[in-house]
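Visitor: Just dropping this structure here.
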Amino acid sequence: MLAIKTENLSFTYAGSRVPALRNISIEIKEGEFVLIIGPTGCGKSTLVRTFNGLIPHFYRGEMEGRVIVYGVDTRESKVSDLSRYIGMVFQDPENQLVTLTVEQEVAFGPENLGLSKGDIKRRVEYSLRTMKIEHLKFRVPFELSSGEQQKVAVASILSMYPRVLILDEPTAHMDPLSAYEFIQSLKTLNDEGKTIVIVEHRIDFIAPFATKVIVMNNGEVVDEGEPREVFSRGIIERIGLMPPRASIIFKALLKNSAWNKIPLSIEELLDTLSELISY
Amino acid sequence: MEALKVEDLWFRYEGGEWVLKGISMKVSMGEDLAIVGANGAGKTTLIKHFNGLLKPMKGRVLVLGKDTRKHSVAELSKIVGIVFQNPLHMFFSNTVWEEIAFSLRNFNFPEEVIEKRVRKTLSILGLEGMEDRSPFTLSGGEMRRLALACVLVYDPDIIIMDEPTVGQDPLQKEILAEIIKMLKLQGKTIIVISHDVDFISENFSRIVVMSKGQILADGKTDEIMYDTKILREANLVEPIIAKIMIEIERRFGRVGGRPLRTFDAIRVIRSLVRPVGGE
C-alpha cells in the first residue's frame, strides 16, 4: 500500500525566487524505512514538511503538483487530520515538549483527540514501552538529556498511533551512544510495521536499516533506490556526500564487485573480509 | 610557555552541584585538541573559563601565563577567541561586514586595517559577496562560518569552537577541516568541543575525555579512540573506522597500527588481504 506519493511537486517559499523543491515525484510504501540525504539547503526538510501538510498549510509559498497521503490530497485535508497518519519529529526536541511530566507529554496528543481515559492510558503505556522510557514517566521533560528528550518526543507522537513516522535530523544534538541507541529504537518500530522516513547525516548508522535511500540536491531528487544500489552508483560522491565507510572500504578493495554485494554495515564488511583474509 | 594551564579547577553555578571537580590540564602553544564527553559533562563550562567568562571558585586558570581572575574578559578575549554553539545568539549587527568588523572597532584598530582584515577573513571563509546581507538571513552553515570569521578577524592565538560540526553536511565539514588545517599551519592553538568522533579523530591529535566534571582520560587520538572502555564511560562510541579495525582484530587476530582515516584503514586492510582478482 502506498503511504505517501508526490506528483511533480514543486515549492517556492514566499519571498524567495529560487524553488526549494523542483518537480519531485516519489513513492513511499507502507512499511518502508526511507533515508533522505543531501547537502544542507537541498530541500530535504522542505520535502518532509509537505508530507504532513505543514506545506502548504502553514508555510507560505507557491506549490505545484500534488502530495497524496493514504489516498488523500494534502491540499484538501487539514494538518490535524493528516496527523492521524503522519507523525513528525524535529531536530530540536525542546521545541516540541510542552508539559510538566513525561507521562503528561505523551498523553497530550490522545487527550486532544477526545479519547476515553482507558484508551489514553493504553496508548501512553504502549508508547513509553516502545521507546523504553517507562522509567522516565514522572520526570520533567526539560531536565532530561537530549537523547532522552528526543525519545519522549517520539513517544508523544507514537501515542497518536500514526502510520508513518517522519524524523528530521533527530540525532543532531545527541552524543554518539544516545544516537546509536535512538536509531536502534527506530529499527524496532520499523520491524513492528511502522513506516519510517528519516532525514539524517549519520549515514553509517542508518544505512544498514534503510530499505530505500532518496538523494536530493538543489531541490531535486537526483537518485533513489535500494541502499546498495545508491551507494554503489557514485552519484552521492559527486554532490559531496559519502557512502557508509564500510562501502568505501569494500569498493577500494574490490573495485569491480557487483552492487548487490556492497556491505552497508561493519558486520557485512567483516563477512566479506573473512573470505579474503587468509589465516 | 603554555597556551593554557588549568590547576585544580572547581566550579559550580549558584545554588547548583559542582560542575567542575578538580580539572587540571596543560595545553602547549600550537597544540590542537578535542574535548569530548557526554552532554552535561562540563565541557562548555570548562571552556568558558578559558577567556574569563567564568572564574574558578577554587584553583586557577592561566592563559599565556595570565591568571584569569586578575584580568578582564576584554583583555583575555584578545588572546582567546571562542566560537559558541548557537551563532544566532551572538549576532546583532545589520550586515555581515559590520558583524565581522565589530571586534576590531572595539579594539580601536584604524579603519584601513579593519578594511583589509575583514576582506581577508571574508575570503578565507568563503563569505565574499555576502558582506551587505543581514547575518540572520544566512543559511545555518554560513552563520557558523560567520561566527568563526568574527573570531579569526582579530587573530587570537587560541581558538576555541563549541560543537562546530553540528548540523553540517560532509562538504561543510570538509571546508571546516581545511580551515583548521590552515590555522594549525599558522601556529594557532586550537581547541574544539565535539561529539563528532569521526570528525575529530581525523582532524585532531589529542583528546581530552570529560565525565561528570572530571577528566577521565587525556591522550593521543589513536589511543583514546581505540579505547572502548573509556569511550563508553563518556557515552561515546568509537569512530566508524576504529570500530571496523577493532572488529577485524577480534575476528582475524592481527592488525598493524591504529588508523583513524578511511584511507589509512584501507591501506592496513589491504596488507591483510591475500591477492585477489577484480571480483
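The values are calculated or read from the model by the stated rules, or taken from the named source; none is laboratory data. No experiment lies behind these values; they were computed from the predicted model shown. Glycine gets a Cβ as well: all are built from the backbone with ideal geometry, and neighbour counts include every protein chain shown. We work out accessible area using only protein heavy atoms, side chains counted, and drop any ligands, DNA or RNA first. Shrake-Rupley method; radii C 1.70, N 1.55, O 1.52, S 1.80 Å.
Visitor: Can you name the residue in the range A:258-271 that is more than 7 Å from chain B (Cβ to nearest Cβ) and among the hydrophobic types (A, V, I, L, M, F, W, C) and, of all such residues, is nearest to the chain's Cα centre (by Cα)? Even if it seems obvious, please write down each step before you answer.
Guide: First, pick out the residues of the range A:258-271 that are more than 7 Å from chain B (Cβ to nearest Cβ): A:258-265, A:267-268, A:271.
Of the ones still in play, those that are also among the hydrophobic types (A, V, I, L, M, F, W, C) are A:258-259, A:262, A:264.
Details: A:258: 28, A:259: 25, A:262: 23, A:264: 18 Å.
By that ranking, first place goes to A:264.
Visitor: Does the range B:175-187 include one or more residues that are open to solvent by 50 Å² or more (accessible area, probe 1.4 Å) and not in a helix (DSSP H, G or I)? Break it down stepwise before answering.
Guide: Of all residues in the range B:175-187, those open to solvent by 50 Å² or more (accessible area, probe 1.4 Å) come to B:175, B:178, B:181-182, B:184-186.
Those still in the list that are not in a helix (DSSP H, G or I) too: B:186.
Checking the range B:175-187: at least one residue is open to solvent by 50 Å² or more (accessible area, probe 1.4 Å) and not in a helix (DSSP H, G or I).
Visitor: Continuing with this model, one more query. On the basis of being within 22 Å of residue B:260 (Cα to Cα), facing chain B (nearest Cβ under 7 Å), in a loop (DSSP other than H, G, I, E, B) and modelled with pLDDT of 90 or more, does residue A:241 make the cut?
Guide: Working: within 22 Å of residue B:260 (Cα to Cα): yes; facing chain B (nearest Cβ under 7 Å): yes; in a loop (DSSP other than H, G, I, E, B): yes; modelled with pLDDT of 90 or more: yes.
Answer is yes for this residue.
Visitor: Hey, another quick one. For the range B:224-246, what are the residues that are β-branched (Val, Ile, Thr) and at the interface with another protein chain (Cβ under 8 Å from one of its Cβ atoms)? Spell out how you get there, then give the answer.
Guide: Going through the range B:224-246, the residues β-branched (Val, Ile, Thr) turn out to be B:224, B:228, B:230, B:237, B:240-241, B:244, B:246.
The answer is B:237, B:240, B:241, B:244.
Visitor: Turning to a different aspect of this structure: Might you let me know whether the range B:154-166 holds any residue that is over 17 Å from the mean Cα position of the chain (by Cα) and either in contact (Cβ under 8 Å) with a residue 40 or more places away in the chain or within 26 Å of residue A:182 (Cα to Cα) (or both)?
Guide: Filtering the range B:154-166 down to residues over 17 Å from the mean Cα position of the chain (by Cα) leaves B:154.
Remaining after also requiring either in contact (Cβ under 8 Å) with a residue 40 or more places away in the chain or within 26 Å of residue A:182 (Cα to Cα) (or both): B:154.
Yes, because at least one residue in the range B:154-166 is over 17 Å from the mean Cα position of the chain (by Cα) and either in contact (Cβ under 8 Å) with a residue 40 or more places away in the chain or within 26 Å of residue A:182 (Cα to Cα) (or both).
For every residue, the table says whether it meets (1) within 14 Å of another protein chain (Cβ to nearest Cβ); (2) closer than 28 Å to residue B:225 by Cα; (3) at pLDDT below 90.
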{"residue": "A:150", "(1), (2), (3)": "yes, yes, yes"}
{"residue": "A:163", "(1), (2), (3)": "no, no, no"}
{"residue": "A:201", "(1), (2), (3)": "yes, yes, yes"}
{"residue": "A:206", "(1), (2), (3)": "yes, yes, no"}
{"residue": "A:209", "(1), (2), (3)": "no, yes, no"}
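Visitor: Out of all the residues in the range A:247-257, is one or more more than 11 Å from chain B (Cβ to nearest Cβ), farther than 19 Å from residue A:200 by Cα and out of contact with any strand residue (DSSP E or B) (no Cβ under 6 Å at 6 or more places or on another chain)?
Guide: Initial filter on the range A:247-257 (more than 11 Å from chain B (Cβ to nearest Cβ)): none.
Scanning the range A:247-257 turns up no residue that is more than 11 Å from chain B (Cβ to nearest Cβ), farther than 19 Å from residue A:200 by Cα and out of contact with any strand residue (DSSP E or B) (no Cβ under 6 Å at 6 or more places or on another chain).
Visitor: If a residue must be touching a residue at least 12 places away in the same chain (Cβ under 8 Å) and either farther than 17 Å from residue B:168 by Cα or loosely packed, with under 15 Cβ neighbours inside 10 Å (or both), how many such residues does the range A:226-243 contain? Walk me through it before giving the result.
Guide: Within the range A:226-243, the subset touching a residue at least 12 places away in the same chain (Cβ under 8 Å) is A:226-233, A:235-236, A:239-243.
So of that shortlist, the ones also either farther than 17 Å from residue B:168 by Cα or loosely packed, with under 15 Cβ neighbours inside 10 Å (or both) come out as A:226-233, A:235.
Count: 9.
Visitor: Next question. For residues in the range A:72-97 being closer than 16 Å to residue A:163 by Cβ, out of contact with any strand residue (DSSP E or B) (no Cβ under 8 Å at 6 or more places or on another chain) and in contact (Cβ under 8 Å) with a residue 60 or more places away in the chain, which is surrounded by the fewest Cβ atoms within 10 Å (Cβ to Cβ)?
Guide: Restricting to residues being closer than 16 Å to residue A:163 by Cβ, out of contact with any strand residue (DSSP E or B) (no Cβ under 8 Å at 6 or more places or on another chain) and in contact (Cβ under 8 Å) with a residue 60 or more places away in the chain, the top hit is A:84.
Visitor: Would you confirm whether or not the range B:247-268 contains a residue that is in contact with a Pro (Cβ under 7 Å, 6 or more places away or on another chain), facing another protein chain (nearest Cβ under 7 Å) and assigned to a helix (DSSP H, G or I)?
Guide: Yes, that holds for at least one residue.
Visitor: Something else: So which of B:249, B:238, B:233 ends up being touching a residue at least 12 places away in the same chain (Cβ under 8 Å) and open to solvent by 40 Å² or more (accessible area, probe 1.4 Å)?
Guide: On the way: B:249 fails: touching a residue at least 12 places away in the same chain (Cβ under 8 Å); B:238 fails: open to solvent by 40 Å² or more (accessible area, probe 1.4 Å).
Of the residues listed, the single one that is touching a residue at least 12 places away in the same chain (Cβ under 8 Å) and open to solvent by 40 Å² or more (accessible area, probe 1.4 Å) is B:233.
Visitor: Are there any pairs with C-beta distances below 8 angstrom linking a residue in the range A:51-67 that is aromatic (Phe, Trp, Tyr) to a residue that is open to solvent by 40 Å² or more (accessible area, probe 1.4 Å) and in a helix (DSSP H, G or I), with the two at least 6 apart or on different chains, and if so which?
Guide: A:59/A:49
Visitor: Further question on the same structure: Can you tell me which residue among B:125, B:46 is modelled with pLDDT under 95 and out of contact with any Gly (no Cβ under 8 Å at 6 or more places or on another chain)?
Guide: Numbers: B:46 fails: modelled with pLDDT under 95.
Step by step, each of B:125, B:46 is checked, and only B:125 is modelled with pLDDT under 95 and out of contact with any Gly (no Cβ under 8 Å at 6 or more places or on another chain).
Visitor: While we're on this one: Among the residues of the range B:143-183, which ones are β-branched (Val, Ile, Thr), farther than 15 Å from residue B:203 by Cβ and within 14 Å of chain A (Cβ to nearest Cβ)?
Guide: B:166
Visitor: Restricting attention to the range A:47-71, which residues are closer than 22 Å to residue A:186 by Cα, open to solvent by less than 10 Å² (accessible area, probe 1.4 Å) and not aromatic (Phe, Trp, Tyr)?
Guide: Start the filter on the range A:47-71 by keeping residues that are closer than 22 Å to residue A:186 by Cα, which leaves A:47-52, A:69-70.
From the residues that got through so far, the ones that are open to solvent by less than 10 Å² (accessible area, probe 1.4 Å) too are A:47-48, A:50-51, A:69.
Within the range A:47-71, A:47, A:48, A:50, A:69 qualify.
Visitor: Can I ask one more? Going through the range B:128-145 one residue at a time, which ones are open to solvent by less than 30 Å² (accessible area, probe 1.4 Å) and either part of a helix (DSSP H, G or I) or among the β-branched types (Val, Ile, Thr) (or both)?
Guide: B:135, B:141, B:143
Visitor: Follow-up question, since we're still on this one. Within the group B:96, B:113, which residue is in contact (Cβ under 8 Å) with a residue 24 or more places away in the chain and out of contact with any Gly (no Cβ under 6 Å at 6 or more places or on another chain)?
Guide: Going through B:96, B:113 in turn, the sole match is B:96.
Visitor: Then there is this: Would it be correct to say that residue B:171 is outside the structural domain of residue B:44 (by TED's automatic domain parsing), open to solvent by 10 Å² or more (accessible area, probe 1.4 Å) and either of a type in the set (Val, Ile, Thr) or under 12 Å from the mean Cα position of the chain (by Cα) (or both)? Talk me through it step by step, then tell me what you get.
Guide: Working: outside the structural domain of residue B:44 (by TED's automatic domain parsing): yes; open to solvent by 10 Å² or more (accessible area, probe 1.4 Å): yes; either of a type in the set (Val, Ile, Thr) or under 12 Å from the mean Cα position of the chain (by Cα) (or both): no.
No: the conditions fail for residue B:171.
Visitor: Can you confirm whether residue A:274 is within 11 Å of chain B (Cβ to nearest Cβ), open to solvent by less than 50 Å² (accessible area, probe 1.4 Å) and in a helix (DSSP H, G or I)? Break it down stepwise before answering.
Guide: Details: within 11 Å of chain B (Cβ to nearest Cβ): yes; open to solvent by less than 50 Å² (accessible area, probe 1.4 Å): yes; in a helix (DSSP H, G or I): yes.
Taking the combined requirement at face value, the residue satisfies it.
Visitor: Are any residues in the range B:188-202 at the interface with chain A (Cβ under 9 Å from one of its Cβ atoms) and either part of a helix (DSSP H, G or I) or among the hydrophobic types (A, V, I, L, M, F, W, C) (or both), and if so, which ones? Walk me through it before giving the result.
Guide: Pass one, the range B:188-202, residues at the interface with chain A (Cβ under 9 Å from one of its Cβ atoms): B:195-198.
Across the range B:188-202, the qualifying residues are B:197, B:198.
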